[in-house]
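Quick notes on the structure that follows.
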Amino acid sequence: MPELPEVEVVRAGLAPAVTGATVLGVTVLDERALTRHSGDGAHFEAGLSGRLIRGAARRGKFLWLPLDGPGRPSEAVVAHLGMSGQILLRAPGAATERHERIRLDIHHPDHGDLAIVFADQRTFGSLALDALVPTTDAAPGGHGTVDASVPAQVAHIARDPLDPAFRTGVFRATLARKDSAIKRVLLDQSVVSGIGNIYADEALWAARIHPEVPARVLSTRTVNRLLAEVDAVLEKALAEGGTSFDAQYVNVNGQSGYFAHSLNAYGRTGQPCPRCGRPIVRVSFTNRSSHFCPYCQKPSRA
DNA sequence: GGAATAACCTGGATGC
DNA sequence: TGCATCCAGGTTATTC
């Protein structure tokens, strides 16, 4: 499931191959991969062909490629991997991938011709051509860019905890106003971006916070501890190439990450807590699952 | 306005 | 073996 570390691995792999490249052609195989695009497949293809890609940027789980082009508006290709999206770099003319939805043929002045393949099993991910708008804080739009702009559909997404422009004071103040469970708040991308179900469970386990504790009751010290653990979990996952359970997530070369071997709570129902040895439990939580240690993560600790 | 919930989707796992 | 059902979860529209 692509969360911040997985998307960052994809961005880092994509950047050297696409920066300075020109889009030769676009093939849309499945228009369901354009749910965030305002037009149809033909509109997407026409808007992209001939454009120069200036780089690869990311905020939270959103990835975008800023575009140049004579007489063209300030735009970017925005990608969201959803639950099962993959962006792969392939040789020109490479065989169609399983679940391939969109292919961009590009030419890079140093690397020659390449194909960018967007494949997605569950079709929750998408690509879109979107206008770039100024950031509200005048800081760079995200990781991998110095431009103070973001795609319009990413503008409502909060900065992620690894972003230098992330403001912990604003985060603490937001939590103090939230009656919702802390895990729900961590998953709210308008509060803090990049965290999904896996890393929310892992960070809460590391910080010894029960996932259903109301956010507003957490002390400043506890919120600081949580943020430190969120940073640590994301950094470690990034260093290990992300999490992969079943080839749902791969880097641009189709390789899986190793962080699944480092998980302490997520997906470990019934297995001993690495800290106290008591079994990890799984509870249903807003259409998904929460995994935690009921002994280490008592609600009263808040 | 804030919070909670349903819907979207595919394929693997499970049960009968 | 084949069919039906459940489950995984990020985002957004809808409802309360």
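The values are calculated or read from the model by the stated rules, or taken from the named source; none is laboratory data. Because the structure is predicted, anything quoted here is derived from the model rather than measured. FYI the Cβ positions are ideal-geometry reconstructions off the backbone, even for glycines, and counts take in every protein chain you see.
Results for (1) crowded, with 21+ Cβ neighbours inside 10 Å; (2) away from DNA strand B (no atom under 16 Å from the Cβ), shown as yes or no for each residue.
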{"position": "A:59", "(1), (2)": "yes, yes"}
{"position": "A:66", "(1), (2)": "yes, yes"}
{"position": "A:73", "(1), (2)": "no, yes"}
{"position": "A:98", "(1), (2)": "no, no"}
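Can you report the number of residues in segment A:271-301 which are modelled with pLDDT under 85, within 16 Å of DNA strand B (Cβ to nearest atom) and surrounded by fewer than 18 Cβ atoms within 10 Å (Cβ to Cβ)? Break it down stepwise before answering.
Applying the first criterion (modelled with pLDDT under 85) to segment A:271-301 yields A:284-288, A:299-301.
Right, trim to within 16 Å of DNA strand B (Cβ to nearest atom) and you get A:284-288, A:299.
Checking the rest, the ones that are also surrounded by fewer than 18 Cβ atoms within 10 Å (Cβ to Cβ) come to A:284, A:286-288, A:299.
Within segment A:271-301, residues that are modelled with pLDDT under 85, within 16 Å of DNA strand B (Cβ to nearest atom) and surrounded by fewer than 18 Cβ atoms within 10 Å (Cβ to Cβ) number 5.
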For this session: Given the conditions (1) buried (at least 19 other Cβ atoms within 10 Å of the Cβ); (2) within 24 Å of residue A:11 (Cβ to Cβ); (3) more than 14 Å from DNA strand C (Cβ to nearest atom); (4) of a type in the set (A, V, I, L, M, F, W, C), report the number of the one that residue A:165 does not fulfil.
Result: (1)
Exercise. Of all the helices (runs of 4 or more DSSP H) wholly in segment A:176-249, which have at least 2 residues that are of a type in the set (Ser, Thr, Tyr)?
Worked result: A:220-239
Exercise. If you check A:46, A:33, A:57, A:91, which single one turns out to be over 20 Å from residue A:124 (Cα atoms) and within 16 Å of DNA strand C (Cβ to nearest atom)?
Worked result: A:57
Exercise. Residues in segment A:149-156: is at least one of a type in the set (Ser, Thr, Tyr) and outside the structural domain of residue A:293 (by TED's automatic domain parsing)?
Worked result: yes
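Identify all residues within segment A:156-190 that are within 18 Å of residue A:80 (Cα to Cα) and out of contact with any Phe, Trp or Tyr (no Cβ under 7 Å at 6 or more places or on another chain); write none if there are none. Spell out the reasoning first.
Taking segment A:156-190 first, the residues within 18 Å of residue A:80 (Cα to Cα) are A:156-160, A:187-190.
A:156, A:158, A:187, A:188, A:189, A:190, listed by residue number.
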Problem set entry | Matching residues, segment A:15-30, being in contact with a Ser or Thr (Cβ under 8 Å, 6 or more places away or on another chain) and farther than 23 Å from residue A:143 by Cβ | A:24, A:25, A:26, A:29, A:30
Problem set entry | Among (1) of a type outside the set (Gly, Ala, Ser); (2) in a loop (DSSP other than H, G, I, E, B); (3) in the same structural domain as residue A:25 (by TED's automatic domain parsing), the one test that residue A:162 misses | (3)
Exercise. List the pairs whose first member sits in segment A:42-60 and is closer than 30 Å to residue A:200 by Cβ, whose second member is within 16 Å of DNA strand C (Cβ to nearest atom) and among the acidic types (Asp, Glu), and whose Cβ atoms are under 8 Å apart, counting only residues at least 6 apart or on separate chains?
Worked result: A:58/A:8; A:59/A:160; A:59/A:163; A:60/A:160
